[in-house]
Ligand code: PMV
């Protein structure tokens, strides 16, 4: 039995515009999905995903990888284990797709080359949800913090291991696909206005990546605030997220914004170390839950190889 894990992610900047090819910044988080793989005796594929609401991402990734590796005559058994709650919006779907592609490669005695893993897992995600920039697949594959552009044409690591983030969960599960569709509808109705917002978000991401390289967290925070204003203009923020963001800023954060599609899920604040406790208190008072999560985590990796099924 082979086990591979891949991390979830947080979007630091560029959400929604990324769907249209604009640049984004994403960081891998310490919560991981694990996938164990073994050949089955009966030649039939089987997916055992006790914590998952649906197994479609695992199945799509298995199908893509078997076709790529010409394993169609072999049956494969997969079992998934999640370290994080799917409702929080850390990208369990893309993490599980990446871990599946990696595990099936190792099972077949093939090296999972990151570029191939990214391509297969991204296609699998698109097979299921039809839309998505692929930034979450890149984070799960490569790990660390990435500048991501053009739906994967440019994927560059950024030196952000010391990024001082506090993450708060709003208590509401966001529906990413519905929010992406909602923004698409706005873009159709108001093409110039929405395209101008996307360009402005792209410009913020460009400035933010230089500030991250310089370790200028105060400036990164200010840029996060600008990014949040545009997300609000797109209509994807919520009252709770706004209260958490305002609370964090009032308590001394350099900046704060939502992370991901909006409509719920998480926000993040960039904080000077002496303001960390005050910012955490403010997020809690505003109705959020501070999550103990590390960022800039390792990408897809092999966890174990054993002869016996676990
Ligand atoms: O909701 P999340 O965390 O999966 O993030 C979605 C980010 C979007 O830009 C809205 C969609 C995408 O695929 O980039």
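Values in this text are rule-based calculations from the coordinates and carry no lab data. Only a predicted model underlies this, so the values are computations on that prediction, with no experimental measurement involved. Please note: Cβ atoms are built from the backbone with ideal geometry, for glycine as well, and neighbour counts cover all protein chains shown.
Within the range 174-222, how many residues are more than 16 Å from the ligand (Cβ to nearest atom), assigned to a loop (DSSP other than H, G, I, E, B) and in contact (Cβ under 8 Å) with a residue 12 or more places away in the chain?
Adding up the residues that qualify gives 1.
Given the structure, is residue 241 under 26 Å from residue 274 (Cβ atoms), under 20 Å from the mean Cα position of the chain (by Cα) and not in a helix (DSSP H, G or I)?
So residue 241 fails the test.
I need the full set of residues from the range 90-128 which are touching a strand residue (DSSP E or B) at 6+ places or on another chain (Cβ under 7 Å) and either more than 16 Å from the ligand (Cβ to nearest atom) or more than 18 Å from residue 144 (Cα to Cα) (or both), in order please.
99, 100, 102, 103, 104, 106, 107 - these are the residues of the range 90-128 that are touching a strand residue (DSSP E or B) at 6+ places or on another chain (Cβ under 7 Å) and either more than 16 Å from the ligand (Cβ to nearest atom) or more than 18 Å from residue 144 (Cα to Cα) (or both).
Restricting to the range 121-163, name every residue that is part of a loop (DSSP other than H, G, I, E, B) and under 24 Å from residue 203 (Cβ atoms).
131, 132, 133, 134, 144, 153, 159, 160, 163
Every residue in the range 1-19 that is within 25 Å of residue 235 (Cβ to Cβ) and more than 9 Å from the ligand (Cβ to nearest atom), please.
12, 13
Condition test on residue 57, is it without any contact (Cβ under 8 Å) to a residue 40 or more places away in the chain and within 16 Å of the ligand (Cβ to nearest atom)?
No: the conditions fail for residue 57.
Restricted to the range 200-220, and to residues that are under 30 Å from residue 185 (Cα atoms) and more than 20 Å from the chain's Cα centre (by Cα), which residue is surrounded by the most Cβ atoms within 10 Å (Cβ to Cβ)?
So the residue we want is 200.
Restricting attention to the range 129-160, which residues are over 15 Å from residue 9 (Cβ atoms), away from the ligand (no atom under 16 Å from the Cβ) and under 17 Å from the mean Cα position of the chain (by Cα)?
Selection gives 156 alone.
When you look at residue 266, is it within 16 Å of the ligand (Cβ to nearest atom) and touching a strand residue (DSSP E or B) at 6+ places or on another chain (Cβ under 6 Å), yes or no?
yes
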